[in-house]
Amino acid sequence: MTTTRATRVARHRVPGGRLVAGGTLAVGVAAVTMVIALYSAGSEPKTADDGLGGPGLLVEWLLPFFRLLATMATVGCAGALLAAVVLLRTDGGPLGMQGRRAIRDASNAAIIWAVSSFAGAILTAAILLATPINLLRLRLDDALAVPEVKSLLITGILVVALAVGIRRAETASGAGLGVLVAIAALVPNALTAFPRNESYVVLAGAALVIHVIAATTWVGGLAGLVRYGRASRAGLPLVLERFSQVALLSSIAVLLSGLISAAGRLAAKGGGFDKVLDVLTSDAYGALLLAKTVAFLILIIGGWFHRRHTIGDIDATGSRFWQLIAGELFIMAVAIGLSIALAQTI
């Protein structure tokens, strides 16, 4: 009896351990990519030598790392919710064991997302107001007036509501409401991602909203496939078929919206759409953008390869299929790191 109980406990704990290990590895890959990209573009945080004080170099570096952590937590939350609502769909009925597990994971990821958003709001206020964090309380009204700070606080509040609201969800319909809240939480930051004085901000910002939602769905869906799809070999073909449909639509949306958003951003930097190619080939932002585009093209080609050669016969492809998935997740982590570096590059 004791041995059997210990075995059950061990089986229950192993997936959680793998989740933490996998998440830590993904964050590490994305962080290394981000740091390399920042230095390559000359966009690494620097302390201004103006004699006026400020938040300090540590705070300058913490901001992109918290952005990265928030993004990875967003992907984890989205992947778990997508698994519960689409990949493991029960047509609105009670969630199965894997569905309930996905909901718990989504709630935990949402907590990390919320904490990272609130921390990001504090760091952003300190940097934009050139004020040490311990003195921000003296400039609270100024901090709350900064759009980037307000968007992070709104996101944090929405995600706290998400974490609490879905914790006890028992049906796919209830989890579906969580998906809507998660999408709403993605919008504020996307709308304030570009400087407000750019003439092409409407085009770039609108496209970026779609880009962020589609990319989060795609990357999160793949992570959810690995986390929950492997639990049932009998049900894996159906889960793969559903994910393939989501991935196809998401990848198309990512590519098109990314091109439109990039064109708007490059036009704003160059002063017109006729200057897009000049900025793309001569500016650090353009170089990072090209690297990110290459990463996503590799992912799109990888997805096509899966649909043509591995998904149809998962039993025959076996470990090769999961090796390809691991490679895709690695490239996705690299792409996320490049995305954060892009956000830091003016």
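Potential lengthening of the chain between R139 and L259 amounts to 39.3 nm, from the contour at 0.36 nm per residue minus the alpha-carbon distance. By a 1.4 Å probe calculation restricted to protein chains, S151 has an accessible surface near 10 Å², given to the nearest 10.
Under 24 Å of direct C-alpha separation, and excluding same-chain neighbours fewer than eight residues apart, K275 reaches these lysines: K292.
On the beta carbon distance between K150 and D283, with R0 = 30 Å, the FRET formula returns roughly 0.55.
The slack between E241 and F273, meaning 0.36 nm per residue of separation minus the straight C-alpha distance, is 7.5 nm. Just the protein heavy atoms count here, and of the accessible area of segment 207-301 at 1.4 Å, carbon and sulfur take up 69 percent. Ranking E170, E44 by solvent-accessible area of protein heavy atoms (1.4 Å probe, all protein chains present), from largest to smallest, gives E170, E44. For K150, a cut-off of 26 angstrom between C-alpha atoms picks up these lysines, skipping any fewer than 8 places away in its own chain: K46, K269. Counting only protein heavy atoms and a 1.4 Å probe, segment 84-158 has 47 square angstrom of accessible area per residue. Put simply, the amide H of T171, placed in the peptide plane, has neighbours under 5 Å in L95, leaving out anything fewer than 5 places away on its chain.
The values are calculated or read from the model by the stated rules, or taken from the named source; none is laboratory data. Predicted model, so just to flag it, every value in this text is computed and none were measured. We place every Cβ from the backbone using ideal geometry, glycine too, and count neighbours over all the protein chains shown. For accessibility, only protein heavy atoms count, side chains too; no ligands or nucleic acids. Shrake-Rupley method; radii C 1.70, N 1.55, O 1.52, S 1.80 Å.
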